[in-house]
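Asker: Starting off with a structure, shown below.
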Amino acid sequence: MRFFLVYILIGLRLALYGQGNPQLAEQHYQNALQLHRNGNYEEALREVNRCLFLNASQIAPYLLRADIWERLQRTDQALTDVETAILLTTESRELIFRKALLCFQLQKWDDAHEAFRKVLRLQAGETNTLYYAQLPNTNATVGIITAQSDVRTMVFQHLGAISLHLHRCEEALAWFDSALSLQKDLIDVQVCRAEALAQCGNKTAAVKELQKALEVEPENARALRQLALLTNHREELLTLAIRADSLLPDSWLERANYRMNVKNYEGAELDYTRALAILRHDAEIWLNRGMAREQLGNYSGAYEDFSTALQLDEQLVAAWLHRGNVQVQLKQYKNAVEDYSAAIAIAPDYGKAYFNRGGVFLKLNEKQKACSDFHRASELGLMLPEKIKRICANSMLAD
C-alpha cells in the first residue's frame, strides 16, 4: 500500500509539473549539489525540494536528498527517498545495499535482513556512490565506495550483527565466520564473533577471541568494552575503552551502569552526561541520568531529565514512576499522583506505582484511596510494611 501511494504521488507530480521547466529543475539540482558540497545542508534541502517539485521523475535528486537527510540525522526520511529511488529504477544492488544500511541504523531488523540478503543475490552495478555505513553495534560511520566492488564482507558482518540483536547467536557466528573467510584480519568482526560466543554461553572462548584481537590491536575500544563485560576488571577496562575511543557511547553507558550498581552516583551522572553528548535523543539515557541525580538529591535536575525522557518516549513507564518520586520530594503531591497514575495507565500491573501513589494519598489524608492502592500493590506481590497494614486495618474499622 505504501509503495502504491508513492507511485500515485509520483504520477500526480509528473502530470502536474513534469512538463514544466526541466532546465529550471536541473538548475535547482545543481544548486543543491553545490550547497551540499559546501556543507549548507538546510539550504541544499530547499533547493532539491524545488527540483523535485518541478520534476519528480529523476533518481539523482532523491538520492541527493537522502544523503542530506542522513547528514541532518533524519534517517527515516532518507530511507523513504531511497525506497522511492528504487521504485523509479530496476532493482539496483547499490540502492538495495543503501536501503539495508538505513534499515540497520533504524533498527528495522527484519527489513534490514531481507535487504542484505537481496544484496547477496543481485549482481554488482557500475556505481561510484559513497555510502555512510554504520558499523555493527556502534554509532561510528565509515565511507564505503562500492564502485564495481563486492560488498559481501560487510553484508555478512551486518547480517551477523542483526542475528546478534535478535539473539540468534549460532546464526550470528555463521555470518561472522563467512566474513572472516573472505578477510581474516577484520578485528571488528572478531569482536562481534566474541559477543556471539558469549551470547551462546561460551564465555571462555569469547574471552580468548577478544584477547587475540587485542594482541593485534591493543587499543581497540570495542574489544576492551566487550572484555570488560566478561571479566571482573570492568571499570578498569571500560576506562581503557573510553581512552581509546571517547566517541563510543556504549563504553560510557556501561561504566555508568557499573557505577550505579556500586553506588558511585556522581561518577555515573558524569558518564551519562558524556553519553548524552553523543546520543541526545535516547530516552533511556535521560532516564538513567535522572535516576543518578535522584540518588544524589538533585531533585530539580532529576525532574528535568525524567521530563525529557518522557518527551522522547511517553510510554517509558519507569520515567513516570521516578518523576512521581521526585515530585514527592519536591512536595508536589498532586502532580506526583498524576505521574503515578500515568505509570499505572501504561502498566496496570505495576505494583510499585500503586504502592507509591498510596503513600502520596496518605500524605493528602485520603486514606481510603491510599488503602485501596496498598491492597492492589499487595495483590501484585509487594510486601506491605506493618505500619501500613495497621493504618489500613484501623481505616476499615473506622468505616
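Asker: By how many nm would the segment from LEU88 to THR239 lengthen if fully extended, with 0.36 nm per residue of separation less the alpha-carbon distance?
Answerer: Here the segment from LEU88 to THR239 would lengthen by 49.5 nm.
Asker: Computed from the coordinates I sent, volume of the Cα convex hull per residue in Å³ equals one of [x] 146; [y] 195; [z] 172. Tell me the label.
Answerer: [y]
Asker: Say the cut-off is 30 Å between C-alpha atoms; which of LYS263/LYS331; LYS334/LYS389; LYS108/LYS352 go over it?
Answerer: Listed pairs above 30 Å: LYS108/LYS352.
Asker: Gain in length, GLN295 to GLU215, computed as 0.36 nm per residue apart minus the alpha-carbon separation, to one decimal in nm?
Answerer: 24.8 nm
Asker: Could you tell me the relative contact order of the chain? Use alpha-carbon pairs under 8 Å, at least six residues apart, and round to a whole percent.
Answerer: Normalised by residue count, the contact order of the chain is 5 percent.
Asker: At a Cα cut-off below 12 Å, give the aspartates and glutamates reachable from LYS208, other chains included and same-chain residues fewer than 8 away excluded.
Answerer: GLU195
Asker: Show me the ranking of peptides 221-233, 82-94 by mean Cβ neighbours inside 10 Å, starting with the highest.
Answerer: The peptides rank, most packed first, as 221-233, 82-94.
Asker: For the Cα atoms of the chain, what angle does the longest principal axis make with the long axis of helix 333-346, in degrees from 0 to 90, nearest 10?
Answerer: Its long axis makes an angle of about 60 degrees.
Asker: Taking the chain as the reference, fit the longest principal axis to its C-alpha atoms, fit the long axis of helix 2-17 to the helix C-alpha atoms, and give the angle between the two in degrees, 0 to 90, nearest 10.
Answerer: Value to nearest ten degrees: 50.
Asker: Same structure, new question: Using only the alpha-carbon atoms, how far is helix 41-54 inclined from the longest principal axis of the chain? Give it as 0 to 90 degrees, nearest 10.
Answerer: Once rounded, one gets 60 degrees.
Asker: What is the extension gain from CYS200 to GLN315, computed as 0.36 nm multiplied by their sequence separation minus the C-alpha to C-alpha distance, in nm to one decimal?
Answerer: Working it through step by step, the gained length comes to 38.2 nm.
No lab work stands behind these numbers, since they all come straight from the coordinates. Computed from a predicted structure; not experimentally measured. Cβ coordinates were reconstructed from backbone atoms using ideal geometry, including for glycine residues, and neighbour counts include every protein chain displayed.
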